[in-house]
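Right, one structure below, let's go through it.
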Amino acid sequence: MKNGFINLNSNIRILASASAVGKKEGEGPLGSLFDHIIADSFCGKASWEQAESCLQQTAFEAAVKKAGLRPGEAGCIFAGDLLANSAGSVYGAGEAGLPFFGVYGACSTAAETIILASALLTGGLAERCACVTSSHFCTAERQFRTPLEYGGQRAPTAQWTSTAAGAFILSARAEKTQNARLPRVVCATAGRIIDKGVTDTSNMGAAMAPAAFDTISRHLVSRGASPSDYDLIATGDLGFIGGEILLGLFAEHGVSLANYTDCGRLIYDRVGQDVHSGGSGCGCSASVLSAYILPKLISGEYRRVLFCPTGAMMSVTTSQQKQSIPGICYAVEIECGE
């Protein structure tokens, strides 16, 4: 691995994926594309935290079913969320009874799990791996900001943590004749901690955008590629304000990202749903990748995509102590199977 770049086994394919989202996400522009829309924010459970675990279980079980497998055939699970000690994943994906790898990359976790699973497959240490990530608006607000009952005014720069989960089944043994159209995970670039001193927990986009610039730039250099070589470059959680900052950083270096978008921009109607600067959360990029991006790769509409979720690597304690918010971004390059 040089400069964070990871060249992966060319046979790694995404056998199947699935998404499970909440009512607000189901009412957004991508609502018809999600596999499951759960109208009850409690998912029939006793708490929002249990509801988030339910979202993970729902997405995982749907992805396994789509892959034509039994849960035990998924090999192992890489899973993560925003909760302390990855509680959403422990009680969610952990219930599958498979070897479990808990992963924390904040909102960038979807890409981090895919990279780690792909590395295991490349090394021949597994034949299949599952990747599952989730977030929930109410659990994130309760943990990182003010209680919902407080009813405080949200800042214009604030983003809406998506109530969503995404699951992916990766395989290194898919036969080409049977899976010619399945997307391939070909390479990746690991993120670095980038800290520009932002302390405003209501402006995550500003904290994470420099990390996105760093990782995407390193990936392009390692690949000897330009942004125009991709049909889509998608960050995960910068929203509208963070996305504009990222575009500005590239413009300062004479680079145009004409094919850029952010999953936090796609998942909601910014004005109609009053989400201020867009969406965020582990489940935001995971659900959009599953429901929106991968189908376009399977159909051939997209040939090559750079998927780059970002994360704000703070904790409850550090934010209360007014420390800065370190950012990180992981890049995963995915190609059309054919």
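Here, each number is a calculation from the coordinates, and none is a lab measurement. Note that the structure is a prediction, hence the values are computed from the model and not measured. We place every Cβ from the backbone using ideal geometry, glycine too, and count neighbours over all the protein chains shown.
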| remark: Cβ density ranking, 10 Å radius, fewest first, applied to Leu289, Leu121 yields Leu121, Leu289
| query | Counting only residues 5 or more places away or on other chains, whose amide H sits under 5 Å from the amide H of Ala16 once H atoms are built in the peptide plane? | reply | Ile169
| task | Given a cut-off of 30 Å, name the pairs among Lys2/Lys24; Lys23/Lys196; Lys23/Lys66; Lys23/Lys65; Lys2/Lys65 whose C-alpha atoms lie farther apart than that in the structure shown. | result | Lys2/Lys24; Lys23/Lys196; Lys2/Lys65
| note | Cβ-Cβ cut-off under 12 Å around Val305, Lys and Arg +1, Asp and Glu -1: the net charge is -1
| Can you sort Glu25, Glu127 so the residue with the fewest Cβ neighbours within 10 Å comes first? | Glu127, Glu25
| query | Across region 58-64, in residue order, what do the Karplus-derived ³J(HN,Hα) couplings come to in whole Hz, using 6.51 cos²θ - 1.76 cosθ + 1.60 with θ = phi - 60° and x for Gly and Pro? | reply | 4, 5, 4, 4, 5, 5, 4
| query | Looking at region 9-171 from every direction and averaging, what is the projected area of its Cα convex hull in nm²? | reply | 10.0
| query | From the phi of every residue in region 15-20, what ³J(HN,Hα) in whole Hz does the Karplus formula 6.51 cos²θ - 1.76 cosθ + 1.60 yield, where θ is phi - 60° and glycine or proline is x? | reply | 5, 6, 8, 8, 10, 9
| Cβ-Cβ FRET estimate between Asp229 and Arg192, R0 fixed at 22 Å, reported to 0.05 | 0.45
| note | The exposure ranking of Asp231, Asp269, fewest beta-carbon neighbours within 10 Å first, is Asp269, Asp231
| message | Connecting C-alpha atoms closer than 10 Å in a GNM of the chain, tell me which of Gly327, Gly272, Gly26 has the biggest fluctuation. | response | Gly272
| said: Could you tell me the calculated FRET efficiency between Leu125 and Val271, based on Cβ-Cβ distance and R0 = 51 angstrom, to the nearest 0.05? | reply: 0.60
| For labels at Asn259 and Thr317 in the simple 7 Å Cα→Cβ model, what's the distance in nm? | 4.4
| request: Report the full-extension gain for the segment Ala46 to Arg303: residue separation times 0.36 nm, less the Cα-Cα distance, to one decimal in nm. | output: 88.2 nm
| task | Evaluate the relative contact order of the chain (contact order divided by residue number), counting alpha-carbon pairs under 8 angstrom at least 6 apart; express in whole percent. | result | 25
| said: I need the Kirkwood Rh of region 184-335: take the reciprocal of the average 1/r across all distinct C-alpha pairs and report it in angstrom. | reply: 15.5
| request: Convert each backbone phi in region 218-226 into a coupling constant with the Karplus relation 6.51 cos²θ - 1.76 cosθ + 1.60 (shift: θ = phi - 60°), then list the ³J(HN,Hα) values in order as whole Hz, x for Gly and Pro. | output: 5, 5, 5, 5, 4, 8, x, 10, 10
| message | Apply the a/c threshold of 1.5 to the C-alpha gyration tensor of region 154-231 and tell me whether it is rounded, prolate or oblate. | response | oblate
| log10 of Debye I(q)/I(0), alpha-carbon scatterers only, for the chain at 0.10, 0.12, 0.13 Å⁻¹ | -0.50, -0.74, -0.88
